[in-house]
């Protein structure tokens, strides 16, 4: 696990990193643990030190749509907005694998915006990056066919886990992409016939090159 200093040196000022070390509390989550839930008030903003976090949006019928992933050195834009405005969360954050975060209490999130230029730049940059990723998710939903969405999804998973054998069921993919398991199974079978993947029991070996 990276320390706060290792993860954010070069991104944030030395004095700010020291304040984070003094005021943040460290939490570790196992794969599939719920970090932030929909409709809850967020008391602290997570800075990712290690692992990966999946951010999903849930609709009224309990369907979910994957918005983006967070990796080390990043934070969740949606949680920032909730921290600054005392607004309930509209997303769900789930640990993709064992994940460690430094939780920044709300009182410091806004204070450091004024006190430290690097914090302000980090927050603005995070907003920009997450917005680009959400627009990509919208583009995939609106303009890409399901086969392209599944290919992008598998490539992202390989990159996040640094592993070409993914422990993943057809229903997992269907839930993340808000589609049916039958559709996912049909497309995965087609991709296997094209030698892009190999289907194993509750695992998928990805053969194609990642982006």
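The values are calculated or read from the model by the stated rules, or taken from the named source; none is laboratory data. What you see is a predicted model; the values in this text were computed from it and never measured. Because the Cβ atoms are built from the backbone with ideal geometry, glycine has one as well, and the counts that use them run over all protein chains shown.
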(message) Please list, ordered by residue number, the strands (runs of 3 or more DSSP E) wholly in the stretch 6-64 having 3 or more residues that are under 18 Å from residue 172 (Cβ atoms).
(response) 52-58
(request) Scan the stretch 115-141 and report the pairs whose first residue is touching a residue at least 60 places away in the same chain (Cβ under 8 Å) and whose second residue is assigned to a helix (DSSP H, G or I) and surrounded by 14 or more Cβ atoms within 10 Å (Cβ to Cβ), with Cβ atoms within less than 7 Å and a gap of 6+ or a chain change. (result) 116/16; 118/16; 119/16; 119/112; 119/113; 130/77
(request) Please specify each residue of the stretch 76-105 satisfying the condition of being assigned to a strand (DSSP E or B), in contact with a helix residue (DSSP H, G or I) (Cβ under 9 Å, 6 or more places away or on another chain) and at pLDDT 90 or above. (result) 93, 102, 104, 105
